[in-house]
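The values are calculated or read from the model by the stated rules, or taken from the named source; none is laboratory data. No experiment lies behind these values; they were computed from the predicted model shown. Cβ: placed from backbone, ideal geometry, glycine included. Neighbour counts: every protein chain shown.
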């Protein structure tokens, strides 16, 4: 058996079942991985390098090669961003030698989860402004899920199950800062491929998120990937905005 299939059987099946990848792309990947030593650390490193590299034949990145998504005026784009990632990003940022201490992130997090909708809005605006001012690094690829305004995934009634419905690795809501992406900056959105998902064991092919077992029976969301700032795309911290948290604000 191929070393990749030995070490990452579920991810291998996702690649085989990914309709956004051609048979040539799939075969090339497995042919390449056939030369790896049958050691999980070695296979992981070799696979990640492959996913993030440029195809020598086409001279194109192996990521963001899925079918383009047409975003209508009714389409909203949401994202759940790890608080831990924000802390790590700010730790690398400096302005005139100053850094944002980790305590600031903990303060934001506490205010966000104990406050009402107005406080949540203020906290998110403060977080985004700080990330913009400190020129925080934008993700290489920006993942988002698609929804309609009437769905209101960020409302109190729905947000607790959102990480589970999105198939995220950690399903605890307080591990994520929710945000919406500005429609006019969500350029060149693509359907994700297994190459975009890399070794995420909870991602599944088909264009929709797969709900975790903890919320079995709940629908997933359509998902999209976009190019981040360092690949000629958008800066997440300028594209993000405050979502609607209050279900009462939905127009009937």
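Scanning segment 208-226 for residues that are more than 19 Å from residue 163 (Cβ to Cβ) and modelled with pLDDT under 90 yields nothing. Where helices (runs of 4 or more DSSP H) fall entirely within segment 153-206, none has at least 1 residues that are under 25 Å from residue 121 (Cα atoms), more than 14 Å from the chain's Cα centre (by Cα) and modelled with pLDDT of 95 or more. Out of curiosity, is residue 136 crowded, with 16+ Cβ neighbours inside 10 Å, touching a helix residue (DSSP H, G or I) at 6+ places or on another chain (Cβ under 9 Å) and in contact (Cβ under 8 Å) with a residue 60 or more places away in the chain? Criteria met by residue 136. All conditions but one from (1) out of contact with any helix residue (DSSP H, G or I) (no Cβ under 9 Å at 6 or more places or on another chain); (2) in contact (Cβ under 8 Å) with a residue 24 or more places away in the chain apply to residue 118; the one that does not is (2).
Summed over segment 134-152, residues that are within 16 Å of residue 234 (Cα to Cα) and either assigned to a helix (DSSP H, G or I) or touching a strand residue (DSSP E or B) at 6+ places or on another chain (Cβ under 6 Å) (or both) total 7.
The residue of segment 25-55 that is surrounded by the fewest Cβ atoms within 10 Å (Cβ to Cβ), among those that are at pLDDT below 95 and not in a loop (DSSP other than H, G, I, E, B), is 54.
Per-residue answers, yes or no, for (1) in contact (Cβ under 8 Å) with a residue 12 or more places away in the chain; (2) in the same structural domain as residue 192 (by TED's automatic domain parsing); (3) within 25 Å of the chain's Cα centre (by Cα):
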{"site": "9", "(1), (2), (3)": "no, no, yes"}
{"site": "14", "(1), (2), (3)": "yes, no, yes"}
{"site": "21", "(1), (2), (3)": "yes, no, yes"}
{"site": "31", "(1), (2), (3)": "no, no, no"}
{"site": "35", "(1), (2), (3)": "no, no, no"}
{"site": "40", "(1), (2), (3)": "yes, no, yes"}
{"site": "47", "(1), (2), (3)": "yes, no, yes"}
